[in-house]
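Report on the structure given below.
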Amino acid sequence: MDLKGKTVVVTGANGGIGTALVKGLLDKGVAKVYAAARSIEAVIELKHRDNERVVPLRLDVTHADSVAAIAEQCRDVDLLINNAGVNRCMWFMGPTGMESAREEMEVNFFGTLAMCRAFAPVLAARGGAIVNVCSIIGLVNLPVNGTYCASKAAGHSLLQGVRAELAPRGVQVIGVYPGPVDTRMTAGQEMPKSTPDQVAAAILAGIENNEEDIFPDPMSQAVHGKLVQDPKQVEKEFAAMIPV
Ligand SMILES: NC(=O)c1ccc[n+]([C@@H]2O[C@H](COP(=O)([O-])OP(=O)(O)OC[C@H]3O[C@@H](n4cnc5c(N)ncnc54)[C@H](OP(=O)(O)O)[C@@H]3O)[C@@H](O)[C@H]2O)c1
């Protein structure tokens, strides 16, 4: 997809990757970006960056009314980027294993599903595309973030199903599988991380190159390469990282 002149919705626009995506889209010459966030105040800085092209919108992907309202407001969208997500950094047997799993499924799976369903008609009418930000640890479980990984694995399956369902309606569905990125989500976790700007640039390049699955950083590319070769070995290596 050529991004120039397009109209785009970015969810979680006030977060690390979401904010970097909005900035990157403006640099690519999009006509308009709906910067969707739970709080309008959180995206005012993006509005100040480009008053003409940035439209802040309130969105909580877990509220049906909120999802319906944004779909109604954005009848001119060519590209939906489902970036909003949560990671409670919890393991299945941990103190909040049940609550964290439910909350992560609500946002990462059900929220993304609701957005895909709400925007499918307009995207089909315009020959548009959906980008879902999944995770490389949705393809193999990292037990210390076990509940999050399960929600992202569900997100991966959602992506495949939506891709198959919307292909005949002319909607391209793209998956993004980042490794660790230096955002609020990974604050305090000591490990090599890519920057949000690097990851956003790789995502936008992948969209422009019509890639179906985007591995936007060296860590995700390395893990994906190993998963293709020997998935059981990767599972064992990730299992060995559990500190509990
Ligand atoms: N950072 C990583 O290492 C990494 C790796 C792989 C994939 N990802 C994925 O990348 C995406 C962006 O994450 P990030 O790293 O940029 O983290 P982040 O800075 O924490 O951003 C997450 C964004 O999602 C929003 N959000 C959370 N719950 C929401 C809801 N119910 N409705 C609407 N928005 C909601 C947050 O808004 P609030 O500010 O209101 O909470 C925030 O804007 C997520 O899907 C994440 O799972 C991240």
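The values are calculated or read from the model by the stated rules, or taken from the named source; none is laboratory data. These numbers were taken from a predicted model, which means no experiment stands behind them. Reconstructed Cβ throughout: ideal geometry from the backbone, glycine too, with neighbour counts over all protein chains shown. To get the accessible areas, we keep the full protein, side chains included, count just its heavy atoms, and leave off ligands, DNA and RNA. Shrake-Rupley method; radii C 1.70, N 1.55, O 1.52, S 1.80 Å.
Data for the structure
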{"quantity": "Subset of the stretch 59-69 (residues that are open to solvent by 30 Å² or more (accessible area, probe 1.4 Å) and within 9 Å of the ligand (Cβ to nearest atom))", "calculated": "60, 62, 63"}
{"quantity": "Residue check for residue 122: more than 13 Å from the ligand (Cβ to nearest atom), over 17 Å from residue 186 (Cβ atoms) and open to solvent by less than 30 Å² (accessible area, probe 1.4 Å)", "calculated": "yes"}
{"quantity": "In the stretch 1-49, the residues that are assigned to a loop (DSSP other than H, G, I, E, B), farther than 23 Å from residue 180 by Cα and open to solvent by 30 Å² or more (accessible area, probe 1.4 Å)", "calculated": "1, 2, 4, 5, 6, 28, 31, 38, 39"}
{"quantity": "So residue 66, is it more than 23 Å from residue 2 (Cα to Cα), in contact with a Leu (Cβ under 6 Å, 6 or more places away or on another chain) and not charged (D, E, K, R)", "calculated": "yes"}
{"quantity": "Tally, over the stretch 186-218, of residues that are within 12 Å of the ligand (Cβ to nearest atom), in contact with a helix residue (DSSP H, G or I) (Cβ under 7 Å, 6 or more places away or on another chain) and part of a helix (DSSP H, G or I)", "calculated": "5"}
{"quantity": "Count - residues of the stretch 72-87 that are in contact with a helix residue (DSSP H, G or I) (Cβ under 7 Å, 6 or more places away or on another chain) and closer than 25 Å to residue 213 by Cα", "calculated": "10"}
